[in-house]
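Take a look at the structure below.
The values are calculated or read from the model by the stated rules, or taken from the named source; none is laboratory data. The structure displayed is predicted, hence computed values, not measured ones. Ideal geometry is used to build each Cβ from the backbone, glycine not excepted, and the neighbour counts take in all protein chains shown. Just the protein is used for accessible areas: all its heavy atoms, side chains included, with ligands, DNA and RNA removed. Shrake-Rupley method; radii C 1.70, N 1.55, O 1.52, S 1.80 Å.
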Amino acid sequence: MYLPEYCEFLSPVQIASGHHVLEKIPGFLKALNAKRPLILADKGVTAAGLIGIVEDAIKDNVQIGAIDDDVPPDSDLKVVSRLSDVYRKNNCDAIIAVGGGSVLDTAKGLNILVSEDADNLMEFAGANKLKRPLKPFIAIPTTAGTGSELTMAAVIADHDNFIKILFGSRFLLPDIAIIDSRMTLTLPAFFTAATAMDAMTHAVESYICLQKNPLSDAHALSAISLISKNLLNVIRKPDDQEGRLLLAKAATLAGMAFSNSTVGIVHTLGHSVGGVCGVPHGTCMSIFLPYGLEYNYHLVNPFIAELLFPLAGPEVYADTPENKRAEKTIEYIRQLNQDLHDATGGRHARFLSEILNRDGEQMVKKSHFDAIARISIGDGTKFYNPEEIDYDDSMLVLEASWDGRPLNRNLVKKNA
Amino acid sequence: MGEYKTYRPKRKILKWLYLYVFMWFTGRAIKIAAKVDDEVKKEFDSIPNNFNVALEVLPYGPALVVGKTEDGKVQYLGSSTKDKKIDLRMIVHNIENAMQLFTFQESTAISFMRNRLYLDGEIPYAAAFVRVFDAVEVYLLPKIIAKLAVKRYPAWSLIRKLSGRVKIYLRAGIGV
Ligand SMILES: [Fe+2]
């Protein structure tokens, strides 16, 4: 086991997971001394019928202050301030956020405004500006992937000034995260694959990157094993409620791991490809994950080798000679991407040139590489990656991932 | 010699002095490296004009303040942040952690990982400044030590390293 000289681990969020957890919300609210929650969601969540499910589960036992499903796909400063009016006008005293990363980030921003009784969110931008606990906040993730329900950061865009504002404080963490299998049951196959691979990447990167520690490792290994055992089954049999729940639990475990020991190059490049080309985050993660392992191979191959056990199971692990395990791990992840590609009728992209938008157009062009590499060297996750990442390094990985070629590890720049 | 009382400086004061001298020299070296090294120059080009960066040890300093003027010149602005507009702060929590970092027992990357060094400001500029700092350490320090300080020791040509090192030492030391 790898034991760093120093490590930190914080995970104060109560997690309730199962097939019928939504019904427990009234009791949880009571325990938090709250009576009138504002329920937040986006249109997609409503369209999938999820708000209806939440409402039905709780309405007999709690007075819902208001329901607002007008959160845009990209959290926004003005939306947060509009929502604070809704919250105040309806005398709400708690927030329930139902959705993915953007709804949860919006809820975090809203919680600052209503708890601090403020109008200007900018006063609280940056790290550790909050000094006391906020209003009761329950998060109900609807994509088994992001892990936002466990992170103490929120990113909210100021679209007028074209900037993204980062908020970081332990007080932004929800009080309770509700993991209910009904929330991910109708997630389309292609989306299930991408978000699960995001969770897989959280677990794998937290295991190989520089903040790795025994506490986050334990969560990461469990997450990897759960995803590996259940993902393809769920894609092939979408109404497998038990498998869905296990994937959602895995995403939460991975969230606990990566919110404590941060991610690396897969996210560095993924953030920039998302920013430049608008590619969904999970898609970038699936594509870059094998490359992230190849890129750092010379520094962390014993850790990569250990991942073969949760990924492929004890038999494969035992049958693979020790010095081949790291390579086998990478091969296994490539094969998983291939299987997901096949199982989703080709919608799960295996490499960059294969990513298409709704109109069937290619989203990433080679001409984007320069901008992607430039942004990558300024992304915060690069600090946590075992190997340095400069412009040329990013280009090297981008070129290889264009058509799915394995990375030539000899070309990776190493300590001179 | 007169009748002076012997004054025993506490270890902290010695450490502070070490840091003061080290950071003063590094600050001057950064300004010169921005002139003699193309990569450092490029990094500063990515930072806006009228922008100051401070590397600061809490609670009593010292600090290293460098900045770009209105017209884009790189300047060393001294060992204190007092009364200066600081746009990006890199803060070391205490003097012991600063000693670990600046006696190269621990790389900048690992200091970050262990939350001994934290950032207040925009991350892309911090990333650029860390690259500047790394390059200057490669110039100033012998390879065996610089290797402990930076994440990846670069494969620079001997000419680049030596000529840069001579220029930086001469100008930072003598001020020519
Ligand atoms: Fe992610």
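Details
- Test: A:Met183 is within 16 Å of the ligand (Cβ to nearest atom) and either open to solvent by 10 Å² or more (accessible area, probe 1.4 Å) or under 22 Å from A:Gly99 (Cα atoms) (or both): no
- With a requirement of 2 or more residues that are assigned by TED's automatic domain parsing to the domain that holds A:Thr329, within 16 Å of the ligand (Cβ to nearest atom) and of a type outside the set (Asp, Glu), the helices (runs of 4 or more DSSP H) lying completely within region A:263-317 that satisfy it span A:265-277, A:281-306.
- Test set (1) within 14 Å of another protein chain (Cβ to nearest Cβ); (2) closer than 16 Å to A:His271 by Cβ - A:Lys414 fails condition number: (2)
- Looking only at region A:387-400, and only at residues there that are open to solvent by less than 10 Å² (accessible area, probe 1.4 Å) and outside any helix (DSSP H, G or I), the one that is farthest from the other protein chains (Cβ to nearest Cβ): A:Ile389
- Among the residues making up region B:48-90, none is of a type in the set (D, E, K, R) and in contact (Cβ under 8 Å) with a residue 60 or more places away in the chain.
- Residue within region A:125-136 that is without any contact (Cβ under 8 Å) to a residue 60 or more places away in the chain, within 14 Å of another protein chain (Cβ to nearest Cβ) and within 16 Å of the ligand (Cβ to nearest atom) present: no
- Taking the criterion of being within 20 Å of B:Thr108 (Cα to Cα) and either in a helix (DSSP H, G or I) or open to solvent by less than 40 Å² (accessible area, probe 1.4 Å) (or both), the residues of region B:53-77 that qualify are B:Val53, B:Ala54, B:Leu55, B:Glu56, B:Val57, B:Gly61, B:Pro62, B:Ala63, B:Leu64, B:Val65, B:Val66.
- Residue list for region A:45-81, filter: under 30 Å from A:Asp158 (Cβ atoms) and free of Cβ contacts under 8 Å to residues at least 12 places away in the same chain: A:Ala47
- Meets criteria (at pLDDT below 90, under 23 Å from B:Gly67 (Cα atoms) and within 11 Å of chain A (Cβ to nearest Cβ)) for B:Phe102: no
- Filter result (touching a Leu at 6+ places or on another chain (Cβ under 9 Å) and within 16 Å of the ligand (Cβ to nearest atom)) within region A:148-169: A:Ser148, A:Glu149, A:Leu150, A:Thr151, A:Met152, A:Ala153, A:Ala154, A:Val155
- Residues located in region A:330-374, provided they are basic (Lys, Arg) and either in a helix (DSSP H, G or I) or open to solvent by less than 10 Å² (accessible area, probe 1.4 Å) (or both): A:Arg334, A:Lys366, A:Arg374
- Matching option when the condition is over 15 Å from the mean Cα position of the chain (by Cα) and within 14 Å of another protein chain (Cβ to nearest Cβ), among B:Lys143, B:Lys167: B:Lys143
- Pair list, Cβ under 7 Å, 6 or more apart: region B:149-163 residue facing chain A (nearest Cβ under 7 Å), other residue open to solvent by 30 Å² or more (accessible area, probe 1.4 Å) and not in a loop (DSSP other than H, G, I, E, B): B:Tyr153/B:Lys143; B:Tyr153/B:Lys147
- Among (1) in contact with a Gly (Cβ under 7 Å, 6 or more places away or on another chain); (2) assigned by TED's automatic domain parsing to the domain that holds A:Asp105; (3) more than 16 Å from the ligand (Cβ to nearest atom) - the single one A:Leu172 does not satisfy: (1)
- Among residues of region A:338-356 that are within 12 Å of A:Val279 (Cα to Cα) and among the aliphatic types (A, V, I, L, M), those with a beta-carbon under 7 Å from a residue that is in a helix (DSSP H, G or I) and open to solvent by 40 Å² or more (accessible area, probe 1.4 Å) at least six positions away or on a different chain give the pairs A:Leu352/A:Trp402.
- Boolean, A:Leu253 is open to solvent by 30 Å² or more (accessible area, probe 1.4 Å), within 19 Å of A:Pro290 (Cα to Cα) and part of a helix (DSSP H, G or I): no
- From the options A:Leu83, A:Leu38, A:Leu3, A:Leu32, residue that is of a type in the set (A, V, I, L, M) and farther than 25 Å from A:Asp117 by Cβ: A:Leu3
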